[in-house]
Amino acid sequence: MSMSDVSEKPTRCPCCDSYLDWDQAGEVKLLRCPQCDGFWVARETMAQIEALAMAEAISPPASDVLKEPLGSDARPFLKCPECGELMRRRRYGKRSAVIIDVCSAHGTWLDADELQRLVVFIKDGGFEASVRKERDWLEALLEKEASRMRLDSTRSLNSRDGERQAARNLAEALLPGIYRALG
Ligand SMILES: [Zn+2]
Ligand SMILES: [Zn+2]
């Protein structure tokens, strides 16, 4: 037994506590639960899957377990199989129908058919679309901020002009009196 075998303790399913088995999706290695058919995807592996899906170079293993719709929203939060911390639940790519459980340090838990749906979402351009949408939103925000600042600087310029004009008006109004007083 090598050192790496010793240090690699078996990973358990966050849903049913079964030991996860290694599985292969193309060139990507994943841990899969033999019981509930979910996948544990390590952080680095997720980026690899996203890149391959965008290049349309991955077909995830089909699942025979059908997930009940919206089941993942209703069930309790899952613990990260690596560190035991509660994972955050979020919608993948903001607009997809895939709800994932994420430990930002270790990886992502995907229920039975979620890996497949995630890859389909990316292949259909959903991932790029959501990135594009986010960038557009940010650009619009920056543009709005920039024009607000332009407006502000015009306004303060105007008000400085106004102040100067008011001071001139006051001086003009007072000067005759001052001259008269000086006689
Ligand atoms: Zn399981
Ligand atoms: Zn973790």
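The values are calculated or read from the model by the stated rules, or taken from the named source; none is laboratory data. Everything quoted here is computed from the prediction, not taken from an experiment. Please note: Cβ atoms are built from the backbone with ideal geometry, for glycine as well, and neighbour counts cover all protein chains shown.
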### Task
Would you check if there is a residue in the stretch 129-140 being acidic (Asp, Glu), within 30 Å of Ser59 (Cβ to Cβ), surrounded by 11 or more Cβ atoms within 10 Å (Cβ to Cβ) and modelled with pLDDT under 75?
yes
### Residue that is farthest from ligand 1 (Cβ to nearest atom), among those in the stretch 30-62 that are free of Cβ contacts under 8 Å to residues at least 60 places away in the same chain and closer than 20 Å to Gly125 by Cα
Ala55
### Message
So, in the stretch 87-98, exactly how many residues are crowded, with 18+ Cβ neighbours inside 10 Å and touching an Asp or Glu at 6+ places or on another chain (Cβ under 7 Å)?
### Response
2
### Boolean, Gly107 is within 16 Å of ligand 1 (Cβ to nearest atom) and either closer than 20 Å to Arg32 by Cβ or surrounded by 18 or more Cβ atoms within 10 Å (Cβ to Cβ) (or both)
yes
### Query
With respect to the numbered conditions (1) without any contact (Cβ under 8 Å) to a residue 24 or more places away in the chain; (2) over 13 Å from the mean Cα position of the chain (by Cα); (3) within 14 Å of Thr45 (Cβ to Cβ), which one is the sole condition not fulfilled by Glu85?
(3)
